[in-house]
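Only the coordinates and a few stated rules stand behind these numbers; no lab work does. In this text the structure is predicted, and so the values were computed from the model without any measurement. Here Cβ is always computed from backbone atoms with ideal geometry, including for glycine, and neighbour counts include all displayed protein chains.
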Amino acid sequence: MTSTESVAVNPAFDVAAVRRDFPILSTTMHGKPLVFLDSAASAQKPRQVIDAVRDVYEREYANVHRGLYAISEAVTARYEGTRETIRAYINAAHAHEIVFTRNATESINLVAYTFGRHFLSEGDEVLISGLEHHSNIVPWQMLRDEKGIVLKVVPVSDDGELMVSAFDEMLGERTKLVAMAHMSNVLGTVLPVAEITRKAHAAGAKVLLDGCQAVTHIPVDMQALGCDFYVFSGHKLYGPSGIGVLYGREELLDAMPPFMGGGDMISSVTFEKSTWARLPHKFEAGTPAIAQAIGLGAAIDYVNSVGLSAIGVHEADLLNYATQQLASVEGLRIIGTAPDKASVVSFVLNYAHPHDIATIIDRAGVAVRAGHHCAKPLMDRMDVPATVRASIGMYNMRADIDALVGALGEVQELFG
Amino acid sequence: MSDELRELYQEVILDHGKHPRNFHACDDATNEARGNNPLCGDQLVIYLTLGADGKIVDASFLGKGCAISMASASMMTELLKGRTPAQAQAMFDAFHGMCTGDENAPELQEDLEKLRVLSGVRDFPTRVKCATLPWHTMVAALEGEAEISTE
């Protein structure tokens, strides 16, 4: 293993021990040891998460909030306990400010459909950034087409940084919502979200942050950030897919109408009229993703046990190493060179298309993402049709970067 | 490097990928369609010019994509000239069948044998659409559709 230097900078972190917790990392792909560098798309799961999900189904599965019997009460307690785990993880003021959704996309749509439809009207402005994922673009376009709001895009620089001076100029009295990524899924840029939030609030706008990428690498603190909404998916945080989170400040969630109607979100129902349940259940119609939510709780427990700050130091070391090693590959250009970056490195080769690169290195056992990463407007801005993206999780090590660079040699052999 | 990779990226494909033939717009085109692969963002435009006798007298393309899609479009435009729309459709059926491994599809005719270098995509399911996007777009152009997209 080539993690000697990593150990030196981060004695609290034992990557070999972490790797032993992720069963998939001891498998092979095309007969080669799996080198997984696609955690920004979806992270692998530690045994602790897999066991938690299996344990729910094997020992105490029932519907939540309904059964008047022991296993339903037990699973309800575990499900609701996860809400508290998430509250603590992001330092929200109350557990009922944590709403379970399917994923971050649904969380953003929930805000667009309820807060957006209810509180925004024609001519009101929503500011997003030029590096957003489609999930933080399309819901606002749909709202624009329905309500006549104005969608404005704060540009990014050639390095992939948010242009804060442009943001300052675009922020105005018509701005009602600023919706931005905490961290770019394509470039790795970490946005100055505390500053954005402070300025947006000073202008009277609310703030939604897409924390899908950030929440796995950077400590996030709702009290310190002060944002109004924060969204993320469980599956990028080493938890199951099918579970996501919307954090919303209590007074806003209280003022917002429900998203979907159905069971579990009501207080009373007659054919004439229904009344809504209290938070957070008002926003959780129907039977939720029970085992997945509990699995997410186990994932956060796992991240906490390893230590998010130790993970961050390890990943920062790997990102530096990857940046250095990739820079030495002939004809390679890194896309996204902001000073404040985390865990993602996107690049292009001047002699091969990202898809061809991904296909070739796949056969060497290296899993990366190639394409537009659900951020086509950003691709246009950076003037590339697609990129190769290597993204780093807590279980990656320098040997993974070496395998990537080695496999790029095969691309050069064919195309160079 | 694996044999499958060498099979996929044969010299002919690399050559067409790097130096695509008929790679230009055509102002006189009678039929034109844009093809999108929303999954990967690849885009291309196929330009066809149909003569008075109904045959394709010129075919060209523009676009951005991987070596497979560029080579496929390049070779397709070379082979389309002089054919009727019905013959072009038959070419599509045979080529599509070869890429997807469909045993019921017609065999490639002798004069289309050179397309067989693209048959390696059968071993790469995620890359089949790269090879077939130009062909779907060509059929759309013949049918008068302005835009198609593969998923």
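Worth pointing out:
- Between the stretch A:234-303 and the stretch B:77-151, the alpha-carbon center distance in angstrom: 48
- Spatially, the stretch A:136-190 and the stretch B:3-56 are offset by 36 Å when compared through their Cα centroids.
- Acute angle (nearest 10 degrees) that the helix B:85-100 long axis makes with the longest principal axis of chain B, alpha-carbon atoms: 10
- Helical segments meeting 18 Å axial Cα length and Kyte-Doolittle -0.5 threshold in chain A (DSSP H): A:70-90, A:290-306, A:308-327, A:398-415
- Counting only Cβ charges, +1 for Lys and Arg and -1 for Asp and Glu, the dipole size of the stretch A:129-210 around its Cα centre is about 420 debye.
- For A:Asp383, net neighbour charge (Lys/Arg +1, Asp/Glu -1) across residues whose Cβ lies under 12 Å away: +1
- Helix B:128-142 and the long axis of chain B differ in direction by around 10°, with both axes built from C-alpha atoms.
- Length released on extending from A:Asp221 to A:Ser157, taking residue separation times 0.36 nm less the Cα-Cα span: 20.3 nm
- Spatially proximal aspartates and glutamates relative to A:Lys341 (Cα-Cα < 14 Å; intrachain offsets below 8 disregarded): A:Asp159, A:Glu161, A:Glu315, A:Asp317
- DSSP bridge pairs, chain A: antiparallel proportion in percent, nearest 5: 60
- Within the stretch A:201-279, GluC sites (Glu not before Pro) in DSSP loop having at most 11 other beta-carbon neighbours inside 10 Å: A:Glu272
- Candidate aspartates and glutamates - alpha carbon under 15 Å from B:Lys129, same-chain residues fewer than 8 apart omitted: A:Asp356, B:Asp42, B:Asp93, B:Asp102, B:Glu151
- Sorted peptide list for A:112-124, B:38-50, A:161-173, criterion being average Cβ within 10 angstrom, highest first: B:38-50, A:112-124, A:161-173
- Helical runs (DSSP H, four residues minimum) scored at -39500 (n - 2.57) apiece and divided by the length of chain A put the mean residue ellipticity at 222 nm at -11500 deg cm²/dmol.
- Highest to lowest packing among A:320-331, A:293-304, scored as the average C-beta count within 10 Å: A:293-304, A:320-331
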